[in-house]
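These notes concern the structure reproduced below.
The values are calculated or read from the model by the stated rules, or taken from the named source; none is laboratory data. Bear in mind the structure is a predicted one, so any value in this text is a computation, not a measurement. Positions of Cβ are backbone-derived with ideal geometry, glycine not excepted, and every protein chain shown enters the neighbour counts. What goes into the accessible areas is simple: the full protein's heavy atoms, side chains included, and nothing from ligands, DNA or RNA. Shrake-Rupley method; radii C 1.70, N 1.55, O 1.52, S 1.80 Å.
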Amino acid sequence: MKTKKLLVAALLAMAIGAPIASFVGDMNMPQPTTFTGARSPFLHAVPTTQTASLSGLASLERANEWLNSPPLTAAGLRGKVVLIDFWTYTCINWLRQLPYVRAWAEKYKDQGLVVIGVHAPEFPFERNIDNVRHALKDMRLTYPIAVDNDFASIGS
């Protein structure tokens with residue numbers, strides 16, 4: 001049992017740590033000494049003078065559609081732990097991690113974990129909302145899904 005908990009902790013650390021590390025960059029490299037504005041992958045296209053009034057989830061407000069819930073807002077998520085899972089239903093890497101994320105969403109929802117799926121299509125047929133709805137049903141996804149056909153949440 002202890003090994004299983006350690007494995008889950010390691011997987012969770014990798015799932016959370018790897019994206020964070022890619023945004024932070026190599027800390028051994030010289031870093032700018034002057035502040036150049038907000039550094040957020042969700043706000044990269046917003047001029048820095050406007051970022052003070054926007055939440056880190058502002059880009060999810062530009063989702064094409066929400067499935068399994070009404071649109072979620074930063075104010076509504078305040079005080080909760082939020083896991084945002086970027087995916088597309090034909091991606092083998094996402095399919096491999098799906099059982100874990102689905103289990104975390106169910107197991108920890110009463111303790112404040114909110115899982116939000118962001119469907120960002122790789123292929124043209126994945127942009128079809130009916131195909132996404134069918135995938136949600138087949139894969140038993142019940143947590144909120146933001147459909148992001150325009151890649152507003154991940155930038156260019």
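Cβ-Cβ below 8 Å, separation at least six or inter-chain, first residue in the range 63-90 and without any contact (Cβ under 8 Å) to a residue 60 or more places away in the chain and farther than 20 Å from Glu106 by Cα, second hydrophobic (A, V, I, L, M, F, W, C) and open to solvent by 80 Å² or more (accessible area, probe 1.4 Å): which pairs?
Taking only residues 6 or more apart or on different chains, the pairs are Thr88/Phe123; Thr90/Phe123.
What's the total number of residues in the range 134-156 that are open to solvent by 10 Å² or more (accessible area, probe 1.4 Å) and among the β-branched types (Val, Ile, Thr)?
Total meeting the criteria: 2.
For the structure I just gave you, tell me whether Leu141 is of a type outside the set (Gly, Ala, Ser) and in a strand (DSSP E or B).
The answer is no for Leu141.
For (1) under 23 Å from Glu61 (Cα atoms); (2) at pLDDT below 95; (3) among the hydrophobic types (A, V, I, L, M, F, W, C); (4) surrounded by fewer than 17 Cβ atoms within 10 Å (Cβ to Cβ), each residue gets a yes or a no:
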{"position": "Val81", "(1), (2), (3), (4)": "yes, yes, yes, yes"}
{"position": "Asp110", "(1), (2), (3), (4)": "no, yes, no, yes"}
{"position": "Val118", "(1), (2), (3), (4)": "yes, yes, yes, no"}
{"position": "Val132", "(1), (2), (3), (4)": "yes, no, yes, no"}
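Residue check: is Glu106 in contact with a Cys (Cβ under 8 Å, 6 or more places away or on another chain) and open to solvent by 20 Å² or more (accessible area, probe 1.4 Å)?
In short, no.
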